[in-house]
Every structure is written in C-alpha cells, then in structure tokens.
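Enquirer: Quick one: the structure is below, and I'll ask about it shortly.
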Amino acid sequence: MNGLSRIAAIAAIEFRLSARNRWVLLATLILVLFALALAFLGSGPAGERGVDALTLTAASLATLSVYLVPLIALLLSYDTIAGEIERGTLALVLATPAARGEVLFGKFLGHLAVLTLAIAIGYGVAGGALVAVHGYDPAGALAWARLMATALFLGAVFIAIGITVSAMTGRVGTAAALLVGVWLVLVVLYDLALLAGLVLDDGGIFTTHVFPILVLANPGDAFRLFNLAALEAAAPVAGIDGLARTLPFPAATALASLVIWLLLAGCAGMLRFRSLHP
Amino acid sequence: MSHDPVLDIAGLSVAFGSLKALSDVSLSVAAGERLALLGHNGAGKSTLFKAVLGFLKPEAGRISVAGAAPGTAAARRTVSYLPEAIAFPRALTGAEVITYFAKLKGEPPAKAKALLQTVGIADAAHRRVGTYSKGMRQRLGLAQALIGRPSLLLLDEPTSGLDPISRGEFYGLIDTIAAEGAAVLLSSHSLTEVEARTDRIAILVKGRRVAEGRLADLASAAALPTVVRVKAKAIDGATLQARLGGRRLNGRSVEFDCTPGDKLALLARIASHSDIVADVEVSPPHLDDVYRYYSGLGAAGEAA
Ligand SMILES: Nc1ncnc2c1ncn2[C@@H]1O[C@H](COP(=O)(O)OP(=O)(O)O)[C@@H](O)[C@H]1O
Ligand SMILES: [Mg+2]
C-alpha cells in the first residue's frame, strides 16, 4: 500500500530529525536520570510494610511522570507543523501525493516512536537497576510494566495535543508559548485548583460529586489515578491521589478518559490540518 | 498545435478577505513549453501557484491540471512544486531529503538520488543541507521537483538570490526538462532574467494579467522608442539642438526618440552634420523598459 509506505516515510523522517537534533538523547537522558533518582534516592521506606522497591518506585514515578512525560511529548511535537510552515516544506509535502491524514498520522507515529524509545530505555534501565539491587517481585514488575505502558499512552495524548496546537498556530514561537501554557494549566494549575476546591468545599457536594469527574477529565490525573489505584493499598499516597482512590468508578474508567483525550485531540488536529493552507 | 495544455487556467480569481490577490487570470501551458510569470512582489504569483496546487479555493474561474481538478490525487501525481524560499531541514543530508520525497511520490529512491547528479550536487549528497550554499539548496529543490518526471513543474522564483552563473545553469536544466516534454511554469520579478530562457511570458500586476505572449511580440506591441543620443564636438549643445532638434541632455548632448522605421533617416540627418557631431549612441528599448511599460499599463488601469 502506497499510503502506508508514505506514513512510514514521514514517521521515519520525523524520528531521524529528532535523533539528529538530539531530542532522542535528551528525552532518554531526562527519563533515565529522574527514574534512577526516584529509584535510589527516594526508596528509603523500601522493605517497610513489606512493599517491594519496584512497587514503591512505580508509585512515585507515576506522580513524576505526570509532569515529565507531557513536557517531553510537547517538546517533541510543538514545531512539527508550524516549523514546516515557516520553512516552506509543508507546501512541498502537501503538493506530493501524500494525503493530509497520512502526513499527520506519520508525524504522530514518528514522535511516538521517539517517546517509546525514551520511556523504554529510561524506565527500563531504572527498573532493571531496582531488580538488580532489591530483587525481582512479580507484582512490582507488573506495576512497572503498567506504568511504562500508560506513560506512553499519556505521552501519546500530549503528542496529539502538541501537533494540534502546532497546526492551529502555524508559528513556532506561538505554538511553543501556547504549549507551555497548556502544560502549566493541565499539569500544574488544574491540580492546584482542585485542591483549593476541596479545601473550600470541606467535604460537600464538590468533593463527593464534582471532584471525581474533574480528576478523571484531566489526562495527567487520570493516568496517575489508574496507576495508583492499581497499586491498591500497597504504596503510601497522599493528597489528591489519596482522595481519588475512593472514587466511585472502576480504575479502567481512567484509561477511557485517556482514549477520549487522544481521539478528541486527533480529531481537532485533523479538522484544523485539513483546512490549513500552507 | 491542437493538443490539450497540461495546465489550463481560465478566469481565475482568488481573494483573501477583501484583498483581491488574483482577478480574472487566464493562462495555459502546453507540454514542453516554458511560461514565465512576471510580477513585482505582491503581484499574486505565489497565490497563483497555490491555487494551482489546490491549497487556495478560487472565488471564480477554473483550473485544470492535466484534466484533473487542483489538489486531487490525480493532479498531485502530475505536478511538482518548488516553493519560493524553501528551507529543507538543516540536519538532513541531500540524499536523505531526496529519498524522503521519492518515497512520498512513490518513486524508487535510487533513481531519485541520481537526480542529484543531474543538478550537479552529487558530491554533496551525503553532507548536511545546513552546510549547503544558497545555490546548492535551490538545486536540491529542483532535484526534488524532478522526481518521477512530472508533467507540470511549478517553480516559484526558483532563481531569486542566485548568482548569474548559477542562474544560467539553473535555466539550462529547465531547458532540458522542458525539451523532454514537461510543461514549466516559473515565476520571476525580472524580465531580463527570463529573456531567452522561456517561450512565453505573462505579466501580473496587482493580480491582473496585463500582458501575455512571446517576448518579441510584447516588445513590438509596446512600440517603445529607440533612443538616439548625439554628442557635440565642442561644449555646444545649443547649436546642436538648433540644427537637429531633439531634447537637450547636458551641455554637449541631445537625445531623440524614434521608431524603428525612422531610425535610418534620423541617423542620415545626423551624419550630414558631421562637422559638429562627435559621437552617436543608439539604444534599442531595454527589456526592463518593456516590463515597466506593461506594469505601468496595469497600474494605470487600476487607477482608472
Ligand atoms: N495567506 C494570505 N493572507 C492574506 N493575504 C495574502 C496571503 N497570501 C498572500 N496575500 C496577499 O496577496 C497578494 C499577493 O501575494 P503573493 O501571491 O504572495 O505575491 P507574489 O508571490 O507575486 O509576491 C499580496 O498582497 C499578499 O499580501
Ligand atoms: Mg511570491
């Protein structure tokens, strides 16, 4: 199929560009360093309460991933359309037989491949080191694998958001500024606002009925919720996550939230990209 | 010539909001033909290319690319495009860029890479584009446009910023491609540059096509005067003007405008005053004058 080989060519060139521009190296290094730091600097309570090191670290790494993975995903994707518009290459690509859907999907796959590599190496190295030092535990290994898979999923959502914003602004500078804002709002301010709401509400309607939905509606929170809920009571968690664990939904609902985010961002990107004139 | 043109544009109008970028433009380019689209910055040249590629929706008019509508899969297989001011990713090598576009066009990459030889940058194939000179980047752009032997080449200001030698070589390549049967539509803002390198020219002024045809025909239709300049032996322009007429230029010279038909008679008259004439200079109308003439017509039409 010609369409498939064009998608593969676009994905491959995006990957190659990321590799040449050192994004692959940078993303992998960041994840390796943070995962290792959490694994060995933060594993004080390991052994207490019979919780293994992998599970414990998976819990803290899930919290850290909410910040890191979206940031890396956005860094990988913010200039993917806007940069090509500014350089004039998008007009060239769109003049070839490549369909717009193929271009967008190929770019998505290319960035996702970079992120997959970074997560696989970064979290893989840290997980391997933990096993080497503290020994293997099946439940912990499962938690670790779940963390890696869902982190990739979370990254996919933010890559789609990054591509969409890149297509909407058409300017690299604007896209970068907007995406910093998106990251701050979705990853940092959203949680602060929720916490403020909880404090003000003091156990009222907001806490019992609105808050759970708001937690699920945010991709980062949904990701963290899914991972922490799956750890059961194994790991000590506090704050939003402690409360979130008492949510009236099965944990898999959180995954559905990620799917919906991915679909919405993908559709918005496609709609915008279809009407874009380079 | 009865065969259908590869590119046929009839009554094309394109607007950006209230700005009319193209108004009622008609053009056609046949296989093997080179048509130069001339116009100042903002005349609408790039807009015309984008309409032909299907990126912009025309307000009125019809475009046919080898019988297909612009932007359709069939049309995209037919055309190749070189946008103005293209910057390929600096981190890729020339060979990688060509391989990528070959894959997008469904052509064998090995065959496409041979085009680097055609455009004369085979030596730099494995160097990064970031190290290329402007001329090499344009050649890479042309190599990209030649992948898959397109029937219609759209080159938007392909030689702007090139030195005269590179420019000459670039047009040489375009000649070869057209001779092999491609229809070539290229834009430029200099008539001198495309002289002799294209079969026909079309002049755009503020989105209107003000002239179209072979350069020689346009030049004679403009009926621009040949300028004859006569210089006196002594600093005595007044005597010269008293005897011959014409316009005083400075202390020593006078100038005449004449049609090609009157030229010999005028020269004979000047020769008969050889006692005071030191030198005669004859300047046929310059190409830039022809261009200025038609541009002026368009601007005047706009004002009327
Ligand atoms: N995307 C756009 N939005 C609004 N106006 C545009 C756009 N593209 C071009 N124009 C305007 O259309 C006119 C023609 O532009 P263009 O085709 O780029 O000219 P040229 O290529 O001959 O220099 C100019 O006045 C330009 O400002
Ligand atoms: Mg232009």
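The values are calculated or read from the model by the stated rules, or taken from the named source; none is laboratory data. Fair warning: this is a prediction, and the values are worked out from it, not measured in the lab. Please note: Cβ atoms are built from the backbone with ideal geometry, for glycine as well, and neighbour counts cover all protein chains shown.
Enquirer: Determine whether residue A:88 is at the interface with chain B (Cβ under 8 Å from one of its Cβ atoms) and modelled with pLDDT under 95.
Expert: Details: at the interface with chain B (Cβ under 8 Å from one of its Cβ atoms): yes; modelled with pLDDT under 95: yes.
When the stated conditions are applied, residue A:88 passes them.
Enquirer: I would also like to ask the following. Would you list the strands (runs of 3 or more DSSP E) that sit entirely within region B:190-304 and hold 1 or more residues that are not assigned by TED's automatic domain parsing to the domain that holds residue B:37?
Expert: Passing ranges, in order: B:226-232, B:253-258, B:277-283.
Enquirer: Just wondering, is there one or more residues in region B:32-45 that are within 13 Å of ligand 2 (Cβ to nearest atom) and among the acidic types (Asp, Glu)?
Expert: No: zero hits.
Enquirer: Which members of region A:188-209 meet the condition of being surrounded by 10 or more Cβ atoms within 10 Å (Cβ to Cβ) and of a type in the set (Asp, Glu)?
Expert: Selection gives A:191, A:201.
Enquirer: What about residue B:147, is it away from ligand 2 (no atom under 16 Å from the Cβ) and within 23 Å of residue B:96 (Cα to Cα)? Lay out the reasoning, then the answer.
Expert: Values: away from ligand 2 (no atom under 16 Å from the Cβ): yes; within 23 Å of residue B:96 (Cα to Cα): yes.
Criteria met by residue B:147.
Enquirer: Right, another one. Could you please find all residues in region A:15-40 being over 13 Å from residue B:103 (Cβ atoms) and within 11 Å of another protein chain (Cβ to nearest Cβ)?
Expert: A:17, A:18, A:19, A:20, A:21, A:22, A:23
Enquirer: Residues of region B:93-111 being small (Gly, Ala, Ser) and surrounded by fewer than 23 Cβ atoms within 10 Å (Cβ to Cβ), which ones? Show your work before the answer.
Expert: Start the filter on region B:93-111 by keeping residues that are small (Gly, Ala, Ser), which leaves B:94-95, B:102, B:106, B:110.
Within region B:93-111, B:95, B:102, B:106, B:110 qualify.
One line per residue, one yes/no per condition, for (1) in contact with a strand residue (DSSP E or B) (Cβ under 7 Å, 6 or more places away or on another chain); (2) surrounded by 18 or more Cβ atoms within 10 Å (Cβ to Cβ); (3) basic (Lys, Arg):
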residue	(1), (2), (3)
B:212	yes, yes, no
B:227	yes, no, no
B:233	yes, no, yes
B:248	yes, no, yes
B:254	yes, yes, no
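Enquirer: Another question about this same structure. Which of the residues spanning region B:57-71 are out of contact with any Leu (no Cβ under 9 Å at 6 or more places or on another chain) and not small (Gly, Ala, Ser)? Step through it out loud before you land on a result.
Expert: Step one: filter region B:57-71 for residues out of contact with any Leu (no Cβ under 9 Å at 6 or more places or on another chain), giving B:57, B:67-69.
B:57 - this is the single residue of region B:57-71 that is out of contact with any Leu (no Cβ under 9 Å at 6 or more places or on another chain) and not small (Gly, Ala, Ser).
Enquirer: Go over the candidates A:39, A:9, A:58 one by one and state the one that is in a helix (DSSP H, G or I) and farther than 30 Å from residue A:228 by Cα.
Expert: Every option except A:9 fails the conditions.
Enquirer: Right, another one. Filtering region B:3-23 down to residues that are more than 15 Å from ligand 1 (Cβ to nearest atom) and surrounded by fewer than 16 Cβ atoms within 10 Å (Cβ to Cβ), which residue is farthest from the other protein chains (Cβ to nearest Cβ)?
Expert: So, considering only residues that are more than 15 Å from ligand 1 (Cβ to nearest atom) and surrounded by fewer than 16 Cβ atoms within 10 Å (Cβ to Cβ), the one farthest from the other protein chains (Cβ to nearest Cβ) is B:3.
This table checks each residue for (1) away from every other protein chain (no Cβ under 11 Å); (2) crowded, with 23+ Cβ neighbours inside 10 Å; (3) more than 24 Å from residue B:134 (Cα to Cα).
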{"residue": "B:26", "(1), (2), (3)": "yes, no, yes"}
{"residue": "B:48", "(1), (2), (3)": "yes, yes, yes"}
{"residue": "B:60", "(1), (2), (3)": "yes, no, yes"}
{"residue": "B:67", "(1), (2), (3)": "yes, no, yes"}
{"residue": "B:72", "(1), (2), (3)": "no, no, yes"}
{"residue": "B:80", "(1), (2), (3)": "no, yes, no"}
{"residue": "B:83", "(1), (2), (3)": "no, yes, no"}
{"residue": "B:88", "(1), (2), (3)": "no, yes, no"}
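Enquirer: Mind checking which residues of region B:58-113 are over 24 Å from residue B:157 (Cα atoms) and in contact (Cβ under 8 Å) with a residue 60 or more places away in the chain?
Expert: B:67
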